[in-house]
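Values in this text are rule-based calculations from the coordinates and carry no lab data. Only a predicted model underlies this, so the values are computations on that prediction, with no experimental measurement involved. When we count neighbours, we look across all protein chains shown, and the Cβ atoms used for this are built from the backbone with ideal geometry, even at glycine.
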Amino acid sequence: MADDLAAAVTKALTAVKDPASGRDVVSAGMVQGLVVRDGMVHFALQVAREAAASLEPLRAAAESAARAVPGVISATAVLTAHRAEAPARPAGPRGPATPGPMLLSDVRAIIAVASGKGGVGKSTTAVNLAVALAADGLKVGLLDADIYGPSLPQMLGTRERPRSEGQRITPLNRWGLKAMSIGFLVEEETPMIWRGPMVMGALEQMMGQVAWGPLDVMIVDMPPGTGDAQLTMSQRVPLAGAVIVSTPQDVALLDARRGVRMFEKVNVPVLGLIENMSFFCCPNCGHRADIFSHGGARREAERLGVEFLGELPLKLEIRELADAGTPIVMARPESEEAQSYRRIARRVWEKAATKADAAPKIVMG
């Protein structure tokens, strides 16, 4: 079925002509990385770097042609440079201007939960913070921005497929919040073998073509590192701030430091650091052991001049509930760990809402 739809999209793209050569974009070899998943279409148009600015109408025409194919729910086309070079990094605080208006304009505050490296519990933290904010009565969205390793389906305990209405995708409702992940749209074991432009296109699609509606806050579970996804988020949505998650050991703190500096370079406020797996609690006797050291994130926050938001233990129950798709904030609201998440969530919301309300409102006509 996907192969048939891909063939139909390819045929539709033969009607789109490259103004420079007069050939259609398919025979000209411009269409790259065409991917079709459950009615969602992504592809890139390979063009000369110096011509990219003038070819936005061509990109829009190709995207419209693909979207018009029966069976296509949504389509995203991006322009990519003709030469296989590393993309230029932003020259200004938010990088070069990107085409089109800023996305997620109906969200009061957008908060990125990030980490310099994987395996520090960032996704568990993001999910519990989102559920905690929803439990406090806020309208909350949760976006999984990790295209290569989406974890929201597991952590929210659902493999339900989102519905589509016309060109809009309806986010899933779970634990009092609206959620979207590429993991809801592909099979569980399907690898996302995509290059950077495809990843950025998928991110923009999940932000711009999902019917989020008005929200108080959106928590974005970022992929680890400081790459394309982070730059896309900082350039295409008005981030109110970022929360950095780290474990206490030196190697994790080094990567957390890079994460803080990256957000500073793109002019996104760092709301604070969280120390996850701060200490281990034995489930049998309650004995505490500082397996990964302790207090490193607090000291790093002081050194970097950002707020230390709190610490969370390495506890078996948190992991078990996350694997079962029931965040501890919802499953054990009376527990000390759930209360810690809620205290951190309230402080993050307090800071993010203040920054979002103070920021100038930009209207693009």
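See the values below:
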{"read-out": "Approximate spin-label separation Asn173-Ala6, in nm, with each point projected 7 Å along Cα-to-Cβ", "value": "3.6 nm"}
{"read-out": "Distance violations [Cα-Cα > 24 Å] among Lys139/Lys315; Lys117/Lys355; Lys117/Lys315; Lys315/Lys355; Lys117/Lys265", "value": "Lys139/Lys315; Lys117/Lys355; Lys315/Lys355"}
{"read-out": "Ordering of 216-222, 33-39, 142-148 by packing [mean C-beta count within 10 Å, highest first]", "value": "216-222, 142-148, 33-39"}
{"read-out": "Reachable aspartates and glutamates from Lys17, criterion Cα separation under 20 angstrom, eight or more residues apart if same chain", "value": "Glu50, Glu56, Glu63"}
{"read-out": "Cα-projected label distance for Glu50 with Arg159, points at 7 Å along beta-carbon direction, nm", "value": "5.2 nm"}
{"read-out": "Calculated FRET efficiency for the pair Gln339/Asn284, C-beta based, R₀ 22 Å, to 0.05", "value": "0.45"}
{"read-out": "Where the Cα pairs of the chain fall when distances are cut into 20 Å bins, in %", "value": "29, 55, 16, 1"}
